[in-house]
Amino acid sequence: MTATTAEKAATTQIYRVFIRATPQAIWDAITRPEWAQRYGYCVPVEYDMRAGGKFRALANQGMKGHGAPDVIIVGEVIELDPPRKLVQTWHPVWDPEGAAEPATTVTFENPGVQSSTVGGALAVDTMETYALGDYRPPGVLGNFNLDPASLGVFTVAPPNIYGAAGGVGQYLHNNRPLTDNGAIRLTLTSPNALYLGFWWSAGSPDEVDLFDNGSEVFSFTTQDVINAISLLPNASDYYGNPNAPFLHADSGEPYSFINFFATGSTAFDEIRFNGNLIELDNITISHDLRVPTGNAIPEANPGVVLLGVLSAFGGFRWSRRLTRRGQA
């Protein structure tokens, strides 16, 4: 698949403001409702100050007079180190468009990265414990199963120009004679997963759907990755197999490691990979909140806010990935 032109690129904005105040005073102005009402949107805020804790910003009387709901922003605390660092999600819900945006951050890593860069406890499936060959419906491969309604097969294959991270081991791909006829499903042994990563090789416009207890909580198309890559000055570095045995082979398709960072509202217990020729390796799962790494894909993401007090006299950084539709 040849990269196409996207309408907008992944954007991170960083603002630095120097304030003559102590880190604790700035922290209080951000997180304590009696202080937060004096700044920004001038609204009360509520924080559960722990990783995984909830955040809410409440409408003031003026906003309510113009029809705003009681809660205008929701989020989740990802990381904190009082009074110097606060990382949280930031999801506007004051209008239907904002409220409808998914609370899952999708990123892709730099060229050549083929495994997860997030820290902590991770479960990684490298495909190397499975027998090589084709698996047909209702085939089961560890925690993988093929939709029984599908007419196709999926395959565990040795390294070739299309897959296998590092050019070694094995990788998973599907071969379907028709489109829209089922998915490779990964059913997790433990619910409430909050992170998914995988090496996506020989990339084409595929679909990844996250489910919780049978209900879809997030859907994503890898065409957005192709679009985002096409706007980068080093876009060509993503194209072609990056591994020595097959270096630069299949130069018309992108290779990238993709991350999905969920929040409590989009925790998942099942993943469905849809596509005629989707190639996967190093499928990585975590049940802990993770700070997003990599390059953000705006079409898929809510706001992720990083607040950091950098010095005793108010070196303050505010960083937000712009993700509202129509913004660039």
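Laboratory data are not the source of any read-out in this text; all were calculated from the coordinates shown. All figures in this text were calculated on a predicted structure; none of them were measured in a lab. Reconstructed Cβ throughout: ideal geometry from the backbone, glycine too, with neighbour counts over all protein chains shown.
Quick check on the stretch 104-297: take the gyration tensor over C-alpha atoms, sort the square-rooted eigenvalues as a ≥ b ≥ c, and tell me if it's rounded (a/c under 1.5), prolate or oblate.
Details: a/c = 1.45, a/b = 1.07, b/c = 1.36.
It comes out rounded by the Cα gyration axes.
Give me the extension gain from residue 231 to residue 134: residue separation times 0.36 nm, minus the current Cα-Cα distance, reported in nm with one decimal. Before the final figure, lay out the partial values.
Working: separation 97, 0.36 × 97 = 34.92 nm, distance 3.68 nm.
That pair, residue 231 and residue 134, stretches by 31.2 nm at full extension.
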Fewest first, what order do 285, 73 take by the number of other Cβ atoms within 10 Å?
73, 285
Phi to ³J(HN,Hα) by Karplus 6.51 cos²θ - 1.76 cosθ + 1.60 over the stretch 123-140, Hz, x for Gly, Pro:
9, 10, 9, 8, 6, 8, 9, 9, 6, 5, x, 8, 10, 10, x, x, x, 10
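Relative contact order for the stretch 104-297: what is it in percent, counting Cα pairs under 8 Å that are at least 6 residues apart?
On the way: 516 pairs, mean separation 70.2, N = 194.
It comes to 36 percent, rounded to a whole number.
Rank these for me by crowding, 66, 173, 91, going from fewest to most other beta carbons within 10 Å. Kindly include the intermediate steps, with their values, before the conclusion.
Details: 66 8, 173 24, 91 21.
Placing the least packed residue first, the sequence is 66, 91, 173.
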Amide H to amide H, which residues 5 or more places from residue 295 or on other chains are under 5 Å from it, using H placed in the peptide plane?
108, 109
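Sorted by average packing, counted as other Cβ atoms within 10 angstrom per residue and highest first, what order do 229-241, 246-258, 194-206, 28-40 take?
Order by mean packing, descending: 194-206, 246-258, 229-241, 28-40.
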